[in-house]
Amino acid sequence: MKTLLQIKKLSYKNILEDVNIDIYENTIHYISGSNNCGKTTLMKILSGEIVTKDSVFYQEQDINNMSIYEFNKIIGIIIGPDINFNFTNVRQEILYRLDKLNIDKTEEKKRYKEIMSLLDLQDIISSNISSLSEYQKLKLALAIELIKKPKILILGDVFIYLSKQEQESIFALIKKIENISVIIFNNDLNLSIFSDYLHLFNKGKLILSGKTLEVLEKDSIINKLGLDLPFMVDLSLKLKYYNLVNKIELDMNRMVKDLWK
């Protein structure tokens, strides 16, 4: 699997210590941990807000040696749920972002059509942004980032105001996006089950890192970090302890069928 972004021996003040993570092409990475674990600082480093040297590389190029144009072309960022827009109308906002890309009209039309289809924005395209729900505002924010066709999308705590159904819907949309790696920073491990890789921090150190379900099996370590396992993972591990199931099962209906066999 091709590595797209590398974090190498990253240390920053007394907040992060010797962090090493590989972000693979076309995968979803979930970064979590207890409060004050360093993940917010890491997000600021990856988004260019905090500058470090010789520690974060995009295809072997130090991101801090990139021009602003290069950086913005490669990385899309939505830091949190409180999103600032430039216009009051959805269509105006999208067309403004398209215009800033300096691409020809044919490509503009193609991208507009793709993003409208991907995120199903037809129903709100003529709406005033202030009238949108938090879910709709997040879809609009995704649209104006994805329309750039970035290689990496960084998401902060963007799910906080969404219902469980809306959260799952956003992850379903993310999984449909082609040729992109997504890095999500979030305290809630319940959403980590939708990711490919999970990286857990504590006091500035990377404690656990790997494929999501393999990391979540380390329940004793996760409990010591003060984090709650996703319900189905926790239930699976308890049943596995009594040899009632042999793996983590995330679907309740399948679990019931397995138990009745």
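The values are calculated or read from the model by the stated rules, or taken from the named source; none is laboratory data. Computed from a prediction, not measured in an experiment: that's the story for all the values here. Methodologically, a virtual Cβ is constructed for each residue, glycine included, from the backbone with ideal geometry; neighbour enumeration extends over all protein chains shown.
If I ask for residues that are free of Cβ contacts under 8 Å to residues at least 24 places away in the same chain, touching a Lys or Arg at 6+ places or on another chain (Cβ under 9 Å) and not basic (K, R), which ones from region 224-248 would you list? Before the answer, list the steps.
First pass over region 224-248, keeping only residues free of Cβ contacts under 8 Å to residues at least 24 places away in the same chain: 224, 234-247.
Keeping just the survivors that are touching a Lys or Arg at 6+ places or on another chain (Cβ under 9 Å) gives 236, 240, 244, 246-247.
Matches in region 224-248: S236, L244, N246.
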Scanning for something surrounded by fewer than 20 Cβ atoms within 10 Å (Cβ to Cβ) and among the small types (G, A, S), does region 35-45 turn up at least one residue? no
If the requirement is being assigned to a helix (DSSP H, G or I), modelled with pLDDT under 95 and not β-branched (V, I, T), which of these qualifies: E49, E70, E93? E70
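Residues that are outside the structural domain of E145 (by TED's automatic domain parsing): list the helices (runs of 4 or more DSSP H) wholly contained in region 170-261 that include at least 3 such residues.
On the way: elements: 212-216, 219-224, 231-241, 252-260.
Ranges flagged: 231-241, 252-260.
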Can you find, within region 32-44, the residue that is nearest to E145 (Cα to Cα) among those that are out of contact with any Leu (no Cβ under 7 Å at 6 or more places or on another chain) and touching a residue at least 24 places away in the same chain (Cβ under 8 Å)? M43
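Given the options R91, R97, name the one that is among the basic types (K, R) and touching a helix residue (DSSP H, G or I) at 6+ places or on another chain (Cβ under 6 Å). Walk me through how you get there before you give the answer.
Values: R91 fails: touching a helix residue (DSSP H, G or I) at 6+ places or on another chain (Cβ under 6 Å).
Being among the basic types (K, R) and touching a helix residue (DSSP H, G or I) at 6+ places or on another chain (Cβ under 6 Å) holds for just one of R91, R97, which is R97.
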Filter region 128-149 down to residues that are among the small types (G, A, S) and in a helix (DSSP H, G or I) and give me whichever is farthest from I75 (Cα to Cα). S131
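Between L132, L118, L138, which is hydrophobic (A, V, I, L, M, F, W, C), modelled with pLDDT of 95 or more and within 21 Å of the chain's Cα centre (by Cα)? I'd like the intermediate steps shown before the answer.
On the way: L132 fails: within 21 Å of the chain's Cα centre (by Cα); L118 fails: modelled with pLDDT of 95 or more.
So the residue among L132, L118, L138 that is hydrophobic (A, V, I, L, M, F, W, C), modelled with pLDDT of 95 or more and within 21 Å of the chain's Cα centre (by Cα) is L138.
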Does I68 meet the test of being of a type in the set (A, V, I, L, M, F, W, C) and buried (at least 16 other Cβ atoms within 10 Å of the Cβ)? no
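Output yes when any residue across region 99-108 is more than 30 Å from E17 (Cβ to Cβ), crowded, with 19+ Cβ neighbours inside 10 Å and assigned by TED's automatic domain parsing to the domain that holds L10, and no when none is.
We begin by selecting, within region 99-108, every residue more than 30 Å from E17 (Cβ to Cβ); these are 99-108.
Of the ones still in play, those that are also crowded, with 19+ Cβ neighbours inside 10 Å are none.
No, every residue in region 99-108 fails to be more than 30 Å from E17 (Cβ to Cβ), crowded, with 19+ Cβ neighbours inside 10 Å and assigned by TED's automatic domain parsing to the domain that holds L10.
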Taking region 12-46 as the search range and keeping residues that are at negative phi and part of a loop (DSSP other than H, G, I, E, B), which one is farthest from the chain's Cα centre (by Cα)? N14
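Okay, residues lined up against (1) in contact (Cβ under 8 Å) with a residue 60 or more places away in the chain; (2) surrounded by fewer than 20 Cβ atoms within 10 Å (Cβ to Cβ); (3) closer than 17 Å to D99 by Cα; (4) in contact with a strand residue (DSSP E or B) (Cβ under 7 Å, 6 or more places away or on another chain):
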{"position": "M116", "(1), (2), (3), (4)": "no, yes, yes, no"}
{"position": "D123", "(1), (2), (3), (4)": "no, yes, no, no"}
{"position": "S131", "(1), (2), (3), (4)": "no, yes, no, no"}
{"position": "Y135", "(1), (2), (3), (4)": "no, yes, no, no"}
{"position": "K148", "(1), (2), (3), (4)": "yes, yes, yes, yes"}
{"position": "K151", "(1), (2), (3), (4)": "yes, yes, no, yes"}
{"position": "V158", "(1), (2), (3), (4)": "yes, no, no, yes"}
{"position": "K164", "(1), (2), (3), (4)": "no, yes, no, no"}
Please identify the pairs in which a residue from region 85-109 that is on the phi < 0 side of the Ramachandran plot has its Cβ atom under 7 Å from the Cβ atom of a residue that is of a type in the set (D, E), counting only partners at least 6 apart or on another chain. F85/E93; N86/E93; F87/E93; L98/E108
From the list I193, I170, I221, which one is surrounded by fewer than 16 Cβ atoms within 10 Å (Cβ to Cβ) and touching a residue at least 12 places away in the same chain (Cβ under 8 Å)? I221
Can you report the number of residues in region 52-63 which are assigned to a loop (DSSP other than H, G, I, E, B) and surrounded by 14 or more Cβ atoms within 10 Å (Cβ to Cβ)? 2
